[in-house]
Amino acid sequence: MKKNVIRPLIQKLNPYVPGEQINLPGLIRLNTNEPPYAPAPEVLARIKDSVDARLRRYPNPTSDEVREKLASIHGCKKENILVGNGSDEVLELAVRVFVEPISPSINDNSASTVQYFDPSYSLYPVLADIAGALKNPVPLLSDFGIPITEQLKLEGKWDFNAALTFVTTPNAPTGRGYTTRELETLCANQNGIILLDEAYANFAEENAMSLALKFPNVLVARTFSKAYALCFQRIGYVVGPENLISSLHKIRGSYNVNGLAQVAASASLDYLNYYQKNFEYIKKIRAKTSEWLSSKGFYVNPSQTNFIFVKPPNILTAENWYKAYHKKNVLVRWWRYPNVKDYLRISIGSEEEMIEFRKRTLDIFKENGILNL
Ligand SMILES: Cc1ncc(COP(=O)(O)O)c(C=O)c1O
């Protein structure tokens, strides 16, 4: 075999790093924003009922049943929707459809640019690298707000012509929410495609789905992973103008969404009340946990998601808090990047898990000499 069979671009690629997936008794997993509630019992029953000889058949190639139900929920046509193997697939398809790889024959840098705010979802730069595209990370404000358009224009770093701009809204990993109004202003000023990544929108006060049906260059992506407790099934979708959606359909895998995932997603949409109650449950525990952590000296960034982004008290660095939690069998997320290295991202678990989380937090305080809490 000849040497160097791997493309240089792939050889030097830093891949996406998912949160650790460990299963141990007593372990509290608060590191991947998985919901603490199960899918609705009827959804589980529908999945189980589908496991029979029909598994030998190919699934519906275009996830029609799911798209029809989503279309009626979002007030659009099924032609405005593509369903993907998780919303990660949708994001990847968008890069492949809208962004030109860098090449000597293209002298328009914007055509090759994937743009996103920093910090935001750490998959975006990886997708740009895989595509051989340029990356334009633009810093958020110090409170993780989006700079107003005038400021973006003034500072000159933002590319209003970037081929594809990802906006995580509400933001991850910070949990910060953005108003539809501010997103609308951003979209109205953007010439390239904007994909609003609404993975956590069900835990927020507002969402910007209406913008996908208003602007010719706006897409909104959602996932069934978090809100509908279907991480295991891998299913997400994107809504937007028909011509953009049909281009995404052109390049997706022929049967990109497996049959059981389609059954699960379709069933979930029949039991929205069950999930709505769980969104309220998460918000309640989020408020309780935030209040408790604040009373113990953590800075808790206001959250509109199913996780919180906190600056722990400086008896330990955030990295050492992360390690201390790990020793206590609590998984949280910490990143070494300069702008987030002082923070931990903590998913909201069940009430019982968060009580145990608080106990283990107090143990860490005690082990570091803080006894009077
Ligand atoms: C902001 C954001 N977008 C998209 C995703 C991907 O979700 P999915 O499980 O649908 O691929 C995640 C998952 O963590 C996320 O945090």
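The values are calculated or read from the model by the stated rules, or taken from the named source; none is laboratory data. Worth saying up front: this structure is predicted, and the values here are computed from it rather than measured. Backbone-built Cβ (ideal geometry, glycine too); neighbour counts: all protein chains shown. The protein model used for the area step is the full one, side chains on, heavy atoms only, and it has no ligands, DNA or RNA in it. Shrake-Rupley method; radii C 1.70, N 1.55, O 1.52, S 1.80 Å.
Results, tabulated for the structure shown:
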| item | result |
| --- | --- |
| Distance in nm between pseudo-label sites at K153 and E242 (7 Å out along the Cβ direction from Cα) | 3.4 nm |
| Region 41-271, Rg to Rh (Cα coordinates; Rh as Kirkwood inverse mean 1/r) | 0.98 |
| E20-L316 FRET efficiency (beta carbon distance; Förster radius 25 Å; 0.05 resolution) | 0.80 |
| Region 176-330: relative contact order as a whole-number percent, Cα under 8 Å and 6+ apart | 20 percent |
| The chain, dipole about Cα centre (Lys/Arg Cβ +1, Asp/Glu Cβ -1), debye to the nearest 20 | 960 debye |
| Inverse of mean 1/r across different Cα pairs in region 208-338, Kirkwood, Å | 18.2 Å |
| Label point distance in nm, N107-S210, each placed 7 Å from Cα along Cα→Cβ | 4.4 nm |
| Dipole axis of the chain (+1 Lys, Arg; -1 Asp, Glu on Cβ), positive-most option in Y255, N109, M1 | M1 |
| Whole-percent carbon and sulfur share, accessible surface of the chain, 1.4 Å | 52 percent |
| Residue-averaged 222 nm ellipticity for the chain, from DSSP H runs of 4+ at -39500 (n - 2.57), nearest 500 | -11000 deg cm²/dmol |
| Dipole of the chain, positive direction: furthest Cα of S266, L93, I346, with charges on the beta-carbon | I346 |
| Å³ per residue enclosed by the Cα convex hull of region 1-156 | 279 Å³ |
| Solvent exposure of region 41-271 as accessible area per residue, Å², 1.4 Å probe | 42 Å² |
| Exposed-site-free run, longest, the chain (rule: GluC sites (Glu not before Pro); DSSP loop; at most 16 other C-beta within 10 Å) | 21-204 |
| Förster radius 25 Å - calculated FRET efficiency between K323 and Y37, Cβ distance, rounded to 0.05 | 0.30 |
| Cα-projected label distance for A45 with L362, points at 7 Å along beta-carbon direction, nm | 4.2 nm |
| Cleavage-rule hits, chymotrypsin sites (Phe, Trp or Tyr not before Pro), region 114-188, DSSP coil, Cβ neighbours within 10 Å at most 15 | F160 |
| Mean separation of Cα contacts under 8 Å, 6 or more apart, over the residue count of the chain: relative contact order % | 22 percent |
| Pairs beyond 30 Å (Cα-Cα), from K135/K328; K69/K277; K153/K296; K283/K328; K226/K250 | K135/K328; K153/K296 |
